[in-house]
Amino acid sequence: MRALTWHGKHDVRVDTVDDPDILNPRDAILKITSTAICGSDLHLYDGYIPTMQAGDILGHEFMGEVVEIGRDSTLQKGQRVVVPFTIACGSCFHCSKHQYSACDNGLPADNQDIAQTLYGQPMSGLFGYSHMTGGYAGGQAEYVRVPFSDVGPIVIPDGIEDDKVLFLSDILPTGWQAAENAEIEPGDTVAVWGCGPVGLFSVQSAFLMGAERVIAIDHFPHRLELARKFGAETINFEETKTYEALMEMTGGIGPDACIDAVGLEAHGFFADNVWDQIKASTFLGTDRTHSIRQAILACRKGGRVSMPAVYGGFVDKFPLGAFMEKGLTLKTGQTHVQHYLPGLLNAIMEEKIDTTFLISHRLSLEQAPDGYKMFHDKQNEVTKVVLKPGLDLARVP
Amino acid sequence: MADVRDRTGHDDAPLSTAKDGERAQIVASELDGAKGDTLSGKTVTINRPRDELFAVWRDFSNLPKFLDNVISVEQLSDGRSHWTVRGPGERTVEWTSVVTQETPGELIAWTTEEGADVPNSGRIEFRDAPGGRGTWVTATVLYDPPASVVGKIVAKMFQREPAIQARRDLRRFKQFMETGEVATAARTRKQLDEENA
Ligand SMILES: NC(=O)c1ccc[n+]([C@@H]2O[C@H](COP(=O)([O-])OP(=O)(O)OC[C@H]3O[C@@H](n4cnc5c(N)ncnc54)[C@H](O)[C@@H]3O)[C@@H](O)[C@H]2O)c1
Ligand SMILES: [Zn+2]
Ligand SMILES: [Zn+2]
């Protein structure tokens, strides 16, 4: 089969590799119909995530048709399914609490040592996201092996096109969980750092959960424009002093809840950011954390900070004093995707949530390396790239 | 090896977590039936009932399904069993092991007989986890590291070092019992066979 493989910083290629096999009783094999490039993939593309190996197949946002099933899979051949990016068993203590991204059994036993050393306990496996998260092949390919297929994938009813449901795999539940973690109360003002896919779904979710106002922060005019379409007020941090603006726009109180949807590649020439960048480019040590620092500083006293943004290592100058003195709450984590799927699929079918607005580019699998470059270099216009392996076949004369 | 908890009365933590590794080894190697002087102990919580876990473990022919380096276990008479295990490098090592203590649903202890390639002894304990969270499974192994320091380094490189192996094997046992399979990130049958070789 053809698959998008990682070879190093800013070097991804489409290679021919062996097709996947059913290896465990609960496995299924999918023929991929749609797969997206994620902001998290850019962290791999930029070489920020350790334990990558040349030839690793990327992609954790994908859907497709079931073409093969193991003995204990509950899926049927021919079904269309969307697959959560978190690989979780469904039967351990954490899964029974619906903390799927904390599953005990998603990682192969030999891969658990790295995360255990770095984080204290190993996390769930992830598709296509380094060997620290299992070393599972991702779905930016023609086919993918899906472990625990009786627990993760959600079956999509006929008649709903891929583009409407693909983002159930990651960014829609991630935006939703971010808003849920912000514990929004009626009358609240919620500030969202970052108007990428995660930030934009956080904006939509925050309004659905009853936020009175949402203030969205970014420096890309087009992305800010999308946030405005959903009813958010905006701050362009290149032109405006974010903290000062947030304080003025909330009558000196600060936002009730702050969502950091930027992550370890925060843009901008802020003194702390530049220092972080120097260190991050030398070793996995210091993440670039300008946005979370600012969120803690701006957040109102006794408020909530929600951090869907991904960080991998350590931070310097974390404003622990402000965090403590103001009595803030911080909630974060990889998304417990499986937990949100039925509810969000319903919301899509009832047209309460729109996802297709986000897709700016549809490319074939062969064009995936261009897709990475575009998404990386032109974030203003390129909001989401969806790869359709079927488009390659369509082009054959 | 009657008890692996520290009897000298410093605190309530297991001996295998002592900062003073030497003290731990001395205490451990003086325990009844001890073979070897490197102590490794690990506990995992498995979300299954104690009796079920005990029964699967006690049927030693199941062990190669989740003990990575164990090629085969042949049950002999009188609580004895013959083990064939992958050693450092390409070698296999063998020993005959005898069950020294057995309490159904709770504990199996063993020690190797004379002539073992890697003399070892240990125990596997099953206790009800607090809060109805299933079972605490604790494996404690005492062993003589394969020959020299060099041997141990080589073993580590090949991930055959018993302390690392015990930790990973317990995780595999947990996976096998909780999910019915042992997780692998292999994509193809060929990759999986190479991993298991
Ligand atoms: N928790 C999870 O399970 C999960 C899942 C998916 C993605 N993520 C993470 O969420 C984050 C966002 O993902 P995405 O796909 O939306 O990424 P993205 O790169 O498309 O969007 C990030 C946005 O943040 C903006 N930004 C950069 N610096 C900023 C600053 N200082 N202030 C305000 N905005 C700033 C960028 O201009 C960009 O529009 C990433 O860190 C990603 O890894 C987490
Ligand atoms: Zn993603
Ligand atoms: Zn689990």
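The values are calculated or read from the model by the stated rules, or taken from the named source; none is laboratory data. All values derive from a computational prediction rather than experimental measurement. Glycine also receives a Cβ, built like all others from the backbone with ideal geometry; neighbour counts cover every protein chain displayed. Note: accessible area is taken over every heavy atom of the protein model, side chains too, but ligands, DNA and RNA are not part of it. Shrake-Rupley method; radii C 1.70, N 1.55, O 1.52, S 1.80 Å.
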Cβ neighbours within 10 Å from other chains - mean over A:80-89: 1
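Given just the C-alpha atoms of the protein assembly as shown, how large is their convex hull per residue in cubic angstrom?
Expressed per residue, the convex hull around the Cα atoms of the protein assembly as shown is 171 Å³.
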Choice from A:128, A:343, A:312 with maximal GNM fluctuation in chain A (Cα, 10 Å cutoff): A:343
In Å², and per residue, what accessible area does the protein assembly as shown have when probed at 1.4 Å with the other protein chains present? 42 Å²
In debye to the nearest 20, how big a dipole does the protein assembly as shown give about its Cα centre with +1 on each Lys and Arg Cβ and -1 on each Asp and Glu Cβ? 320 debye
Any residues in region A:20-38 that have 50 Å² or more less accessible area with all protein chains than in their chain alone, probe 1.4 Å, and which are they? A:23, A:24
Compute for chains A and B the buried accessible surface, both sides summed, probe 1.4 Å, and express it in Å² to the nearest 100. 2400 Å²
Spatial separation of Cα centroids for region A:333-387 and region B:45-87, in angstrom: 47 Å
As an exercise, identify the GluC sites (Glu not before Pro) in region A:290-386 lying in DSSP coil whose Cβ has no more than 15 other Cβ atoms within 10 Å. A:350, A:351, A:381
Which Cα, out of A:44, A:94, A:390, lies furthest along the positive dipole direction of chain A (beta carbon charges, K/R +1, D/E -1)? A:94
Whole-Hz couplings from phi, Karplus 6.51/-1.76/1.60, listed for region A:299-309; x for Gly and Pro: 4, 5, 4, x, x, 10, 10, 10, 10, x, 4
For region A:293-397, what does the alpha-carbon gyration tensor say about shape, rounded, prolate or oblate, given a ≥ b ≥ c as the root eigenvalues, a/c under 1.5 as rounded, and a/b over b/c as prolate? prolate
Leaving out ligands, DNA and RNA, what percent of the accessible area of the protein assembly as shown is carbon and sulfur, probe 1.4 Å? 52 percent
Amide H of residue A:64: which non-local residues (sequence gap of 5 or more, or other chain) have their own amide H closer than 5 Å, using H built in the peptide plane? A:33, A:81
Mind telling me which of A:168, A:208, A:365 comes out most flexible in a GNM of chain A, alpha-carbon contacts under 10 Å? A:208
Threshold 40 Å² - residues in region A:113-137 whose accessible area is reduced by that much or more when the chain is no longer isolated, probe 1.4 Å: A:113
Which value at 222 nm does the protein assembly as shown reach when only helices count, each DSSP H run of 4 or more adding -39,500 (n - 2.57), with the total divided by all residues and rounded to the nearest 500 deg cm²/dmol? -8000 deg cm²/dmol
Need the C-alpha centroid separation for region A:1-24 versus region A:67-121, integer Å. 21 Å
